[in-house]
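In what follows, a single structure is set out as structure tokens and then discussed.
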Amino acid sequence: MKLCEITTAEISVDEVVSRLADPAIGAVITFVGVVRCETDGRAVHHLEYEAYPEMAEGTLRQIGEQICARWPTIRQVAIVHRVGRLEVGEISVVIALSSAHRAEVFDAVRYAIDRLKEIVPIWKKEVWAGGAEWRSEAVG
Amino acid sequence: MKLCEITTAEISVDEVVSRLADPAIGAVITFVGVVRCETDGRAVHHLEYEAYPEMAEGTLRQIGEQICARWPTIRQVAIVHRVGRLEVGEISVVIALSSAHRAEVFDAVRYAIDRLKEIVPIWKKEVWAGGAEWRSEAVG
Amino acid sequence: METDRIHIKVRFFAAPREALGKGELQMDVPDGTTVGELVGLLTEQYPVLRPYTRFLNVAVNRAYVGMQTVLRDGDDVACLPPVGGG
Amino acid sequence: METDRIHIKVRFFAAPREALGKGELQMDVPDGTTVGELVGLLTEQYPVLRPYTRFLNVAVNRAYVGMQTVLRDGDDVACLPPVGGG
């Protein structure tokens, strides 16, 4: 089972956490991204995510490797991002980090989501009542 | 559905996250506590959790209310703690916090798990090959 | 002349529950008894509780209280050893 | 005498993909062409890409590269607008 994956299927947090299964872990932190009904005051109808999957899975794995190098208490990192059409309330991404104890995992998961938004080739199109727009953290 | 609960049943992270369902949320952070095979060099066979459930659910709700008061960007807090006999690898607790955006939720979930370990009337007995011991953060 | 007495329920958890061999006691104590005095009485009547009493927190009717709190008839008292959830 | 030419695949995503109306181009470019020169060529041949090119990152064979990188025959080039996952 891959630790990092781009998928068109619905994401289960339990399933992503189960990818980290290991009797030595005592804590898992997850970040769950959910499609919001609203951005910048505009009512979102749905989102369309597009990825360059052959590259995006590798970029996700790199983020995982960087985290394990930077925070030695992190045992493993699983990141699953969904692409395609997503409705409001659906899960777009789950990032799960495991460690023996709870300290330090919080900083690491924050790093993971920040990097994911910066470097992983995934794009998001917001579709609202009167139109649609490709959105990124970097510009706009 | 209760946001905070003491249960004897297996915990699903997805189910706990679903308690926060709300079209205005964009991020959920979860802390997942997992039974480790080892503490302080001793091989754990299993754990037994005991709670004062009538009080523990109220204490969990208090932690949720304190978080919402202290971090206004947090919308809701769900905390589910399992009691009874738990095997290595099973989930003991899930803490889930929702917010419109991802900032600030990390500090809040760290606060939640620290307070849970300090004030909620739940006790943990470690059972290893040669014996058993009630453990707490405070003494021992 | 007899002192007025009140009836309370005292609950035990985890290690002291196991030491005592039961999770609940029904007790009659003198009216005006404080939580601290109750803990003293318990240690006297049940020496097996002695190793645990100095670490106990006490909740009355599901809220943490101080040792000076005066008990009332019908109170639900819980003797809480150091907690260890998570 | 003819300049040697190389064959590359160029992929597009998100807004520039929609503007172009397709996700992939097969192109023959002069041997020695850099990534920056390729972006220039694309803007010339497909003016519809102009609003996007100054924000583009380019990956060759699934790794980010700089604009000075020289392309080779068979390269898999991807034009990546600013990402927005999460």
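What does DSSP give for region D:5-80 in terms of the percent of beta bridges that are antiparallel, rounded to the nearest 5? Working shown, then result.
Working: 15 of 19 bridges.
DSSP beta bridges in region D:5-80 are roughly 80 percent antiparallel.
Considering the zone a paramagnetic label at B:E133 would reach in this model (a point 7 Å from Cα along the Cα-to-Cβ line), which residues of region B:35-75 have amide N under 14 Å from it?
B:38-45
Residues of D:72-84, mean number of Cβ from any other protein chain within 10 Å of their own Cβ, rounded to a whole number?
Values: counts 0, 0, 0, 0, 2, 0, 4, 1, 5, 6, 9, 16, 17.
That works out to 5 on average.
DSSP loop trypsin sites (Lys or Arg not before Pro) in region D:14-86 with at most 16 other Cβ atoms within 10 Å of their Cβ, which ones? The partial results should precede the final answer.
Numbers: sites: D:R17, D:K22, D:R54, D:R62, D:R72; in loops: D:K22, D:R54, D:R62, D:R72.
Answer by residue number: D:K22, D:R54, D:R62, D:R72.
Treat each spin label as a single point 7 Å out from the Cα along the C-beta direction, and report the B:C37 to A:T73 distance in nm.
About 2.2 nm separates the two model spin labels.
Can you tell me the alpha carbon radius of gyration of chain C divided by the globular rule-of-thumb value 2.2 N^0.38 Å?
Numbers: Rg = 12.5 Å, N = 86, 2.2 N^0.38 = 12.0 Å.
The reported ratio for this selection is 1.05.
Output the 0 to 90 degree angle, nearest 10, between the alpha-carbon long axis of helix B:105-119 and the longest principal axis computed from the alpha carbons of chain B.
Long axis of B:105-119 versus the principal axis of chain B: about 40 degrees.
How many partner chain Cβ atoms sit within 10 Å of a residue's Cβ in peptide A:57-70, on average, as a whole number? Before the final figure, lay out the partial values.
On the way: counts 1, 2, 6, 1, 0, 0, 0, 0, 0, 0, 0, 0, 0, 0.
Taking the mean over all residues of the peptide, I get 1.
Which distances, in nm and shortest first, link the D:F55 label point to the same label point in every other copy, taking 7 Å along Cα→Cβ?
Reported distances to equivalent positions: 5.9 nm.
Can you compute the modelled spin-label distance between B:M1 and C:D31, with each label point 7 Å from Cα toward Cβ, in nm?
My value for the distance between the label points is 5.0 nm.
Among A:A108, A:A24, A:A100, which one moves the most in a GNM of chain A with springs linking Cα atoms closer than 10 Å?
A:A24
Shortest first and in nm to one decimal, what separations exist between B:P23 and its copies in the other chains, measuring from label points 7 Å along the Cα-to-beta-carbon line?
Between copies, matching label points for B:P23 lie 4.9 nm apart.
Which distances in nm, rounded to one decimal and ordered from shortest, link the label point of A:A132 to the equivalent label points in the other identical copies, with labels set 7 Å from Cα toward Cβ?
Counterpart label points of A:A132 in the remaining copies fall at 6.0 nm.
Other chains' Cβ within 10 Å of B:16-26 residues: what's the mean?
On the way: counts 2, 8, 2, 0, 2, 2, 4, 10, 6, 7, 10.
Going residue by residue through B:16-26 and averaging, the value is 5.
One quarter of the convex hull surface, Cα atoms only: what value does that give for region B:1-122 in nm²?
Working: hull surface 30.0 nm².
The directionally averaged projection comes out at 7.5 nm².
In this model, which of A:K125/D:K22; B:K2/C:K22; A:K125/B:K2 are farther than 25 Å apart at the alpha-carbon? Walk me through the numbers on the way to the answer.
Numbers: A:K125/D:K22 17 Å; B:K2/C:K22 30 Å; A:K125/B:K2 35 Å.
Where the Cα-Cα span goes over 25 Å, the pairs concerned are B:K2/C:K22; A:K125/B:K2.
Read the figures in this text as sums done on the coordinates, not as results from a lab. Fair warning: this is a prediction, and the values are worked out from it, not measured in the lab. Backbone-built Cβ (ideal geometry, glycine too); neighbour counts: all protein chains shown.
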